[in-house]
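Only the coordinates and a few stated rules stand behind these numbers; no lab work does. Predicted model, so just to flag it, every value in this text is computed and none were measured. Because the Cβ atoms are built from the backbone with ideal geometry, glycine has one as well, and the counts that use them run over all protein chains shown.
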Amino acid sequence: MRLLVTGGAGFIGTNFILYWAGHHPDDDVVNLDSLTYAGNAENLKTLEGNSHYRFVRADICDSSAVYAAMEGIDTVVHFAAETHVDRSVLDPAPFVRTNIVGTSVLLEAARKRGIRRFHHISTDEVYGSLGLLGSDKFSETTRYDPRSPYSASKAASDHLVNAYFHSFGLPVTITNCSNNYGPFQFPEKLIPLAITNVLEGKPVPVYGDGKNVRDWLYVTDHVRAIEAVLTKGNVGETYCIGGPDDHVPNSMIVKTILKLMKTDESSMTFVKDRPGHDRRYALDWSKLERDTGWRPETDLAAGLTATISWYKEHTDWWHRMKSGAYGEYYNKQYGNRMT
Ligand code: NAD
Ligand code: TYD
């Protein structure tokens, strides 16, 4: 395959490219990323000198750069996005631009280039919020009901991808996956924020009552699921990807991290809730299992242990990510919330 990966310098894109280079060493990978605050080209420095890998610094909204980067490509794997819900509440505009306009630019270039597969990475957040006490789950047929500017922009991008399948016959697939965690995640998201705050001796902020539930998925399981869809999935289909039934409230996630890091529970600090905070996400991934045989392999205890070790071994990486502009965001987001 000759792949164009967008957003490959971010968290999941980096894990995907490293996995792909290891498991499909004869495939060519072009990584197109504009390197926003969330992107770090150094993540892929082990691929420097690899003749099958090339980095292109460009914005997915730049139609001529995108069209040029697709020359000779057969498969597009589209990760690039603005991804943090809290930032989308502070300022929705970059989410509309990158997630909606950027996706439409990529689709148009893919159509003109005759791309053989356009795979779009999306989120379970497009389905809205489940009741806290139920055991129901989102599936591919759940009605879209996004509640944050982030999830609304991802929902719009999903609709555009489906429109290019129906209107133009572009061979697309979409995956809607649950919350990922693992190496290379920017420390603004709950799990890396908690781990790095503990390593810095800072309190760990938990929003509201801490009872919100997410369906945690170790990033390597997500990457394997994308591989399964690219190699065995059916064109025109959407697949939900979730974790191994680790439906744990946020306060329990933080307590588990504190325990694994041998830190007192008093580090957990309840702060003012996020506006429109979705209560619970859970995903039924049986369609993906039926069509491809994929199942998640990493449970929460193993995944958190591996993730904590990675952040302990890569302090330079997250110190750099947490310095500079991130400090301004942190103060804006948490400055008047910490009790
Ligand atoms: P991330 O924020 O870590 O990385 C995003 C990457 O996209 C960065 O490298 C950034 O530089 C790049 N980017 C942003 N805007 C760009 C633009 N205009 N042009 C080119 N590059 C640009 O994101 P992530 O957590 O790796 O998420 C990847 C994808 O997976 C996203 O589409 C996201 O919606 C989806 N997703 C993520 C999660 C999760 O838990 N992280 C869960 C479900 C779905
Ligand atoms: P996050 O990692 O931002 O992912 P998402 O909003 O996409 O689910 O948040 C995961 C959960 O953790 C979510 O319920 C919000 C909560 N949260 C906190 O309690 N404290 C924090 O500092 C952050 C960033 C998130």
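Results, tabulated for the structure shown:
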{"quantity": "Prolate/oblate/rounded label for region 260-339 (Cα gyration tensor, a/c 1.5)", "calculated": "prolate"}
{"quantity": "Shape of region 260-307, Cα gyration tensor, a/c cut at 1.5", "calculated": "oblate"}
{"quantity": "For region 308-314, Karplus couplings with θ = phi - 60° (6.51, -1.76, 1.60), whole Hz, Gly/Pro x", "calculated": "4, 4, 4, 5, 5, 7, 10"}
{"quantity": "Amide H contacts of residue 59 (H built 1.01 Å from N, under 5 Å, at least 5 apart or other chain)", "calculated": "none"}
{"quantity": "Cut-off under 5 Å, modelled amide H: who pairs with residue 32 long-range", "calculated": "5, 6, 7, 8, 56"}
{"quantity": "Rg in Å to one decimal, and Dmax rounded to a whole Å, for region 15-82 via C-alpha atoms", "calculated": "11.9, 31"}
{"quantity": "Three-way shape call for the chain based on the alpha-carbon gyration tensor, with the a/c threshold at 1.5", "calculated": "prolate"}
{"quantity": "Spin-label model distance (nm) - residue 245 vs residue 328, 7 Å beyond Cα toward Cβ", "calculated": "4.7"}
{"quantity": "Per-peptide average of other Cβ atoms within 10 Å, ordering 4-17, 193-206 highest first", "calculated": "4-17, 193-206"}
{"quantity": "Rounded FRET efficiency, nearest 0.05, which uses the C-beta distance separating residue 26 from residue 235 and R0 of 22 Å", "calculated": "0.40"}
{"quantity": "Largest-first principal axis extents of the Cα set of region 82-177 (Å)", "calculated": "47, 31, 17"}
{"quantity": "Distance (nanometres) between label positions extended 7 Å along Cα→Cβ at residue 211 and residue 93", "calculated": "3.9"}
{"quantity": "Burial ranking of peptide ranges 159-170, 30-41 (average Cβ count within 10 Å, highest at the top)", "calculated": "30-41, 159-170"}
{"quantity": "Calculated diffusion of region 210-305, Stokes-Einstein form, Kirkwood radius summed over Cα pairs, 4 °C and 1.567 mPa s, µm²/s", "calculated": "86"}
{"quantity": "Net length gained if the chain between residue 312 and residue 45 were fully extended (0.36 nm per residue, minus Cα distance)", "calculated": "94.2 nm"}
{"quantity": "Pairwise label distance in nanometres, residue 145 with residue 301, each label 7 Å out on the Cα-Cβ vector", "calculated": "3.5"}
{"quantity": "Out-of-range pairs (alpha-carbon distance over 20 Å; input 259/322; 202/259; 154/189; 259/312; 255/332; 255/312)", "calculated": "259/322; 255/332"}
